[in-house]
Every structure is written in C-alpha cells, then in structure tokens.
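Comments concern the structure below.
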Amino acid sequence: MIEIYAAILGASIGIAGMSVSGFTKRTSESREAVIRLTAAVESIAGKLEELHQDMKADRKEIYTRLNQHGERITVLENKQR
C-alpha cells in the first residue's frame with residue numbers, strides 16, 4: 001500500500017515539475033517575443049521619423065519653388081499689362 005502512495009506522490013511531483021517547466025518555458029518565450037516586438041516597433045518608429053523628416057524637406061522645397069514660380073508669373077503678368 002505504501003508503494004502505491006509513493007508512486008502517486010512521485011507521479012504528482014513529476015507532473016508538478018513538468019508543469020512548472022512548461023510555465024517557465026512559456027514565460028521565457030513570451031519575454032523573447034516582447035523583446036522582438038519592442039525592437040521591431042522601435043525600428044519602425046525610427047523609419048517613420050526619417051520619412052517625416054524627408055517629407056518636411058520635400059514640402060519646404062516644393063513651397064519654395066511654388067513661391068518662386070508665383071513671383072515669376074506675377075512679373076510676367078505685370079509686363080503684359
């Protein structure tokens with residue numbers, strides 16, 4: 001009878017150990033996934049910032065050229081009058 005209790009106790013300890021091991025593995029995998037996602041989000045944020053700076057520079061150049069062309073058109077219109 002003691003052997004049966006010992007076997008049940010041994011199996012219970014084994015199952016508990018495997019359960020803790022599985023939980024630890026899942027926690028580790030979750031932590032690694034969070035780290036990878038954080039790195040990816042930071043990379044995307046950096047690329048978006050670069051894109052934003054490029055768009056600002058392009059917008060400034062476009063408005064400068066539009067202003068120059070507007071001034072030229074004004075000069076041409078005044079010459080035609």
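The values are calculated or read from the model by the stated rules, or taken from the named source; none is laboratory data. Since the structure is predicted, the reported quantities are computational estimates derived from the model, not experimental observations. So basically every Cβ, Gly included, is an ideal-geometry build from the backbone, and we count neighbours across all protein chains shown.
Tabulated data for the structure shown
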item: Positions within segment 1-27 being hydroxyl-bearing (S, T, Y) and either exposed (fewer than 10 other Cβ atoms within 10 Å of the Cβ) or modelled with pLDDT of 85 or more (or both), in sequence order; result: Y5
item: Any hit, segment 1-19, residues being without any contact (Cβ under 8 Å) to a residue 24 or more places away in the chain and assigned to a loop (DSSP other than H, G, I, E, B); result: yes
item: Any chance R72 is assigned to a helix (DSSP H, G or I), surrounded by 10 or more Cβ atoms within 10 Å (Cβ to Cβ) and modelled with pLDDT of 95 or more; result: no
